[in-house]
Amino acid sequence: MSFEYAPAPESRAVVSIKPKYGHFIGGKFVAGSKHFPTINPATEEVLSQIALAGKAEVDAAVKAARKAYTSTWSKMSGKERGKYLYRIARIMQERAREFAVLETLDNGKPIRESRDTDIPLAAAHFFYHAGWADKLEYAGLGTSPKPLGVAGQIIPWNFPLLMLAWKVAPALATGNTVVLKPAESTSLTALLFAEVCQQAELPAGVVNIVTGDGSTGALIVNHPDIDKIAFTGSTEVGKIIARAVAPTKKSVTLELGGKAANIVFEDAPIDETVEGIVNGIFFNQGHVCCAGSRLLLQENVAEEVLHKLKNRMEKIRVGDPMDKNTDVGAINSKEQLAKIIELAAAGDAEGAERWSPACNLPGKGFWFAPTIFTGVTQAHRIAREEIFGPVLSVLTFRTPQEAIEKANNTPFGLSAGIWSEKGSRTLWASQQLRAGVIWANTFNKFDPTSPFGGYKESGWGREGGRHGLSAYLKGVSHE
Ligand code: NDP
C-alpha cells in the first residue's frame, strides 16, 4: 500500500525580494547601470532584476577590497577576525529559513535540501573557519602564515550560498579580502549574504559582491590588482582561467567538473547501496560536480540492483521545490535543460536503453524526470561527458580490476564511490582510484573539515580542511 502525501508548501512570506538589486561594494549597496532578470526555474516567474557589473564596478570593488586589506583586515589579529566569522555564522543560522526559501526560489532545488543541507553546511563552514582564524600558526602551514591579499572568487549556480561559504570563509579566516561574483542565474542569496555582512558590522570592503555574467567573471580574472583567483564551475571556463592567470603572479584554485564512478561490488549491502545510488545522482537534480553519474555494477548483482533501483525511483517525488515532500526539483535554467536533453538524446542515438519512472512534470518551468541508461559502453558520450542533471549511466564489470580501469578511464578525477562489505576491498579500491574524494558505503557527504578537490581535469588545489587554508596563504605549497 502506498500513501499519498498532502501538499506541504513552505511559506514564501519569510523572504522579501526587492524588485531590483545593485552591487555590494565597500560595505554599501551601490546602484548598477545595466540589469538582467533572475527567474524562478520552477515557474519561470521573474523574481528580480540583477545588476550587470562592468569594468567600472569591478575596479571599484577591487579598490575597496585592497583598501580594506591594507588598512584593516590584514592588520587585525586572528582572534578579532574570528569574532566576525562567528558572528556571520550565527546570523546565517538565525536567518536560515529566509536563506533556504530564497535559495529554493532562485535555484529550483527542493526546500528540504536547501533547509537541511545547503544552509546548515554554509554556516558550518563559517564556524569551522572562525575556529582557525586565531590558530593558523598551529595548522602546520608555517610558523608565521601570511595572507595573499585580494581574492577574486567566481562561483556556480548549483550550490549558490554553499559555494560562497566555501570561498569566503577560508579567505577571511586567513586575512584576505574578497571580490565575489555569483552565477548569473542565482545571485539572490549572495546579495542576502551582503546584508549579513552589514548586520555583522564586518569592516567595509572586506567582502565585495559584484553580480553579472561571464564577462564580469573575466574582468575579475584579468584584474591586475587581484592576488588570487578561486573558481568553481565548468572545466571549459576553468581552462580559460588557467590560461589567463598563467603569465601572472596570481595564485589559483580551480574546482571543475566530474564524471564520478559509483562502484557496486558483489558483496555490497544492496538496499543501502540503492539509497546511496539515488542520493549520488538525484540529489540536487544531479547538478553536482561530484555526482555519482557513472554506476559500475558487478555483473552478478547487476540485475538485482537495477530491479531495486527502479522500484526506488518509482517513489521519488518530482515537482514543486517549495513543497517539503519534494525530492527532485526544477532544472536550474533553460540552457541547462537543453544540455541534458541533448546528451540524453545522444544516449538514445548511440544505442543505450533509457528508463524513467512515470511522473507528472509541471507544465511551466524546467523539468527532467530522473532517468537511467543501461547498456552504456565507455565510448558513449553519456559515459564520458558531464551531464549535470538527473541522468545515470549504468555500466557493468566482471572483476575488481576491470572496475578500477573503467572508473579511471575519464579525463576527470573529482570523486568516486565504493560499495562493499569487505574493508580490505574498500581500502584496495580506494588506493587505485584516481579521484580526490572517495566515499565508501555512502555518497555525497560533505564536511568543512574535509578537503575537497580533484585530479586531472577536475581541478587544482583543495577547498576545506587544513589543506583549504593553504590555498589562501603565501608560500605554502597547494597540496
Ligand atoms: P560556467 O563554468 O560557465 O560558470 C561558472 C561561473 O563562472 C559563473 O559564475 C559564470 O558566470 C562564470 N564565468 C563564465 N564564463 C567565465 C569566464 N570566461 N571567465 C570568468 N568567469 C566566467 O558554468 P555554466 O553555469 O555555464 O554551466 C555549464 C556547465 O558547466 C554545466 O552544464 C556543467 O556541466 C558544468 N558546471 C560544473 C560545475 C561544477 O561545480 N563542477 C558548476 C556549474 C557548472 P555566469 O553564471 O554569469 O555565466
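Think of each Lys and Arg Cβ as +1 and each Asp and Glu Cβ as -1; about the Cα centre, that makes the dipole of region 248-373 roughly 740 debye.
Scalar couplings 3J(HN,Hα) for region 201-210, obtained by applying the Karplus form with A = 6.51, B = -1.76, C = 1.60 to θ = phi - 60°, are 6, 4, x, 4, x, 5, 10, 10, 10, 10 Hz; x denotes Gly and Pro.
Relative to the longest principal axis of the Cα atoms of the chain, helix 299-313 runs at roughly 70 degrees. The convex hull of the Cα atoms of region 1-138, projected and averaged over all directions, covers 12.3 nm². Figure the gain on full extension for SER424 and ASP134 (residue separation times 0.36 nm, minus the Cα-Cα span) and round it to one decimal in nm. Fully extending the segment from SER424 to ASP134 adds 100.4 nm. Inter-part distance, region 90-106 to region 1-57, computed on C-alpha centroids, equals 12 Å. Straight Cα distances below 17 angstrom link LYS109 to the aspartates and glutamates GLU10, GLU44, GLU45, GLU98, ASP118, GLU184, ASP320, ASP323, ASP327, GLU335, with same-chain residues fewer than 8 positions distant left out. Protection proxy ranking, highest mean first, for peptides 105-118, 213-226: 105-118, 213-226, where packing is the per-residue count of other beta-carbon atoms within 10 Å, averaged.
In this Cβ point-charge picture (+1 for Lys and Arg, -1 for Asp and Glu), region 9-92 has a dipole of about 640 debye about its Cα centre.
Among GLY389, PRO400, GLY417, whose Cα projects farthest towards the positive end of the dipole of region 324-479, with charges put on the beta-carbon of Lys, Arg (+1) and Asp, Glu (-1)? Positive-most Cα among the choices belongs to GLY417.
Among DSSP beta bridges whose residues both lie in the chain, state the antiparallel percentage, nearest 5. Kindly include the intermediate steps, with their values, before the conclusion.
Details: 18 of 57 bridges.
Among the beta bridges of the chain, antiparallel pairing accounts for roughly 30 percent.
For region 318-408, a Kirkwood radius taken over Cα pairs fed into Stokes-Einstein (37 °C, viscosity 0.692 mPa s) yields D = 227 µm²/s. Here the gap between SER33 and SER234, fully extended at 0.36 nm per residue and compared with their Cα-Cα distance, gives a gain of 69.6 nm. How high is the relative contact order of region 1-55, in percent, with contacts defined as C-alpha pairs under 8 Å that are six or more residues apart? Here the relative contact order equals 31 percent. All other residues whose Cβ lies under 9 angstrom from that of ILE154 are scored, Lys and Arg at +1 and Asp and Glu at -1, for a net of +2.
By the gyration tensor of its Cα atoms, with a ≥ b ≥ c the square roots of the eigenvalues, what is the shape of region 112-238: rounded for a/c under 1.5, prolate for a/b over b/c, or oblate? Oblate, since a/c reaches 1.5 and b/c is not below a/b. Here is the tail figure for region 1-53: Cα pairs spaced more than 13 Å apart come to 71 percent of all pairs. Give the shape of region 182-285 as rounded, prolate or oblate, defined through the alpha-carbon gyration tensor: a ≥ b ≥ c are the square roots of its eigenvalues, a/c under 1.5 means rounded, and otherwise the shape is prolate if a/b is larger than b/c and oblate if not. In terms of gyration-tensor shape, oblate.
Based on Cα contacts under 8 Å between residues 6+ apart, the chain shows a relative contact order of 18 percent.
The magnitude of the dipole of the chain, with charges of +1 and -1 set on the Cβ of Lys/Arg and Asp/Glu and taken from the Cα centre, is near 1820 debye. Oblate is the label for region 328-479, because a/c, from the alpha-carbon gyration tensor with a ≥ b ≥ c as root eigenvalues, is 1.5 or above and a/b does not exceed b/c. Listed cross-link partners LYS135/LYS249; LYS146/LYS250; LYS259/LYS315; LYS422/LYS445; LYS20/LYS83 are compared with a 22 Å cut-off, the Cα-Cα value being larger for LYS135/LYS249; LYS259/LYS315; LYS20/LYS83. Across region 64-141, C-alpha contacts under 8 Å between residues 6 or more apart give a mean separation that, scaled by the residue count, equals a relative contact order of 41 percent. In the chain, the calculated helix contribution to ellipticity at 222 nm averages -11500 deg cm²/dmol per residue, counting -39,500 (n - 2.57) for every DSSP H run with n ≥ 4.
Coordinate-derived values only; no laboratory data. Please read these numbers as outputs of a predicted model, since none were measured by experiment. FYI the Cβ positions are ideal-geometry reconstructions off the backbone, even for glycines, and counts take in every protein chain you see.
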